[in-house]
Amino acid sequence: MRTRLYVIPASHPATTAALMLDYKGIEYKRTDLMPVVSKGVLRAAGFPRVTVPAIKIGDEKVQGSREIARALDRIQPEPPLFPADPDKRAAVEDAERFGDEQLQHPIRQLLWWGIKRDKTVLRSYSEGAKMGVPIGLAIKTGGPLVALSARFNEATDDTARAALAALPDLLDRVDAYIADGTIGGEQPNAGDFQIATSIALALTLDDLKPLIEPRPCGALARRIAPNYPGHMPPTLPPAWLPAPAVA
Ligand SMILES: N[C@@H](CCC(=O)N[C@@H](CS)C(=O)NCC(=O)O)C(=O)O
């Protein structure tokens, strides 16, 4: 079936969709979009909203990482992204919802906070992407796009500090999902794909690595989303950082 996935390079929910397509063995073409510009392209392609991931699969258009998980299971049931047992499915859906609604955004805000300070890191986050313009040029001329993205995502000092303050509890919750077997099993599910990409993106920020790497969620991210692109050297004020977890 003809399938095209629309992504912004290094977008964590877009990587969730890519990993789920790979897991299902569905071949697809990828369209890499620049942030902000992505909104117009998605609208022009007929999607109802302005965020990635979005896919065209056959004649269907599906947008949103959670919607895509369900569409993929419907279109190609094997291997499944959700358990057949209703209680287990409800637990995976709860983890997936948490990943989408609570975990994704603070990590996104910390990323844009850092990019705002040093947009040269965009080169590493765009590794392997085909943006239609040379990445050096995109970086040189990308100031306004970065400023707009930071504003769109409300990546301010206050929200970055709030994201950092919330991080230990968010990581505890992921570790709890792993401990109770909701995610982290031998066969990955939609919860694994949803959550691991946010953790993998967070691991590209050197400031966050010591908080995450010793935890079970760090190992999960490395297993489910290896080779995640991007690297941000230390940039956050040390006074804002929570204390690393005690091993
Ligand atoms: N919760 C949505 C989030 C989608 C989302 O916010 N995607 C971001 C990229 S991570 C986006 O498209 N932003 C638009 C932009 O940066 O211009 C999902 O999981 O699909």
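The values are calculated or read from the model by the stated rules, or taken from the named source; none is laboratory data. Quick caveat: nothing in here was measured; it's all calculated off a predicted structure. Glycine also receives a Cβ, built like all others from the backbone with ideal geometry; neighbour counts cover every protein chain displayed. These area figures cover heavy atoms from the full protein model, side chains too; ligands, DNA and RNA do not enter into them. Shrake-Rupley method; radii C 1.70, N 1.55, O 1.52, S 1.80 Å.
Amide H to amide H, which residues 5 or more places from Thr31 or on other chains are under 5 Å from it, using H placed in the peptide plane? HN-HN under 5 Å from Thr31: Leu5, Tyr6, Val7. Along region 212-217 the Karplus relation, 6.51 cos²θ - 1.76 cosθ + 1.60 evaluated at θ = phi - 60°, assigns HN-Hα couplings of 10, 4, x, 8, x, 5 Hz to successive residues, with x for each Gly and Pro. What value does the chain have for Rg/Rh, both radii from Cα atoms and Rh as Kirkwood defines it? When Rh is taken as the Kirkwood radius, the ratio is 0.95. Applying the Karplus relation 6.51 cos²θ - 1.76 cosθ + 1.60 with θ = phi - 60° to region 158-168 yields 3J(HN,Hα) values of 5, 6, 5, 5, 5, 4, 5, 5, 7, 4, x Hz, where x marks Gly and Pro.
Which value, in nm² and rounded to one decimal, describes the direction-averaged projected area of the C-alpha convex hull of region 103-217?
Details: hull surface 32.2 nm².
For the Cα atoms of region 103-217, the hull's average projected area reads 8.1 nm².
Jot down the per residue volume, in cubic angstrom and as a whole number, of the convex hull over the alpha-carbon atoms of region 134-173. Kindly include the intermediate steps, with their values, before the conclusion.
Numbers: hull volume 3.9 nm³, N = 40.
Expressed per residue, the convex hull around the Cα atoms of region 134-173 is 97 Å³.
So for Met34, Met20, what's the accessible-area order with a 1.4 Å probe, most first?
Values: Met34 50, Met20 0 Å².
Largest accessible area first, the list is Met34, Met20.
Calculate what fraction, in whole %, of the accessible area of region 131-247 sits on carbon and sulfur atoms when a 1.4 Å probe is rolled over the protein chains. Don't jump to the answer; show the numbers that get you there.
Details: 3270 of 5470 Å².
C and S atoms contribute 60 percent here.
Accessible surface for Glu67 stands near 80 Å², nearest 10, in the context of the full protein assembly shown (1.4 Å probe). For Ile212, the solvent-accessible surface with a 1.4 Å probe is about 0 Å², rounded to the nearest 10.
Largest accessible area first, the listed residues Met232, Met131, Met1 line up as Met1, Met131, Met232 when surface is computed with a 1.4 Å probe on the assembled protein chains. Going by accessible surface with a 1.4 Å probe and the largest first, Lys209, Lys24, Lys140, Lys116 read Lys140, Lys116, Lys209, Lys24.
The residues of region 168-227 present an accessible area of 37 Å² per residue when probed at 1.4 Å with all protein chains retained. 3J(HN,Hα) along region 54-64: 9, 10, 10, 10, x, 9, 8, 10, 10, 10, x Hz, from the Karplus curve 6.51 cos²θ - 1.76 cosθ + 1.60 with θ = phi - 60°, whole Hz, x for Gly and Pro.
May I ask you to give the solvent-accessible area per residue for region 79-137, in square angstrom, as obtained with a 1.4 angstrom probe? Mind showing how you got there, number by number?
Details: 2990 Å² over 59 residues.
Per residue, region 79-137 has an accessible area of 51 Å².
Surface composition of region 1-87: carbon plus sulfur atoms contribute 54% of the solvent-accessible area (1.4 Å probe, protein chains only, all chains present). Heavy-atom accessible area for Val37, with the other protein chains in place and a 1.4 Å probe, reaches approximately 70 Å². Taking the chain as the region of interest, the number of lysine pairs whose Cα atoms are within less than 29 Å, with members eight or more places apart or on different chains, is 29.
What would the Debye equation give as log₁₀ I(q)/I(0) for region 167-226 at q = 0.22, 0.23, 0.29 Å⁻¹, counting only Cα atoms as equal point scatterers? Debye intensities relative to I(0), on a log10 scale: -0.77, -0.85, -1.33. Normalising the Debye intensity of region 92-139 to I(0), with uniform scatterers on Cα atoms only, and taking log10 at q = 0.15, 0.18, 0.19, 0.28 Å⁻¹ returns -0.56, -0.69, -0.72, -0.96. Simple spin-label estimate for Arg70 and Thr141 gives 4.1 nm between the two label positions (7 Å along the Cα-to-Cβ direction from each Cα). Hydrodynamic radius of region 58-151 by the Kirkwood approach over all distinct alpha-carbon pairs: 16.4 Å. Taking label points 7 Å from Cα along the Cα-to-Cβ direction, Glu154 and Asp59 give a separation of 4.1 nm. For Met232, nonlocal amide neighbours, meaning residues 5 or more places apart or on other chains whose placed amide H falls under 5 Å from its own, are Leu205, Asp206.
Taking only the Cα atoms of region 3-131, the radius of gyration and Dmax are 15.4, 47 Å.
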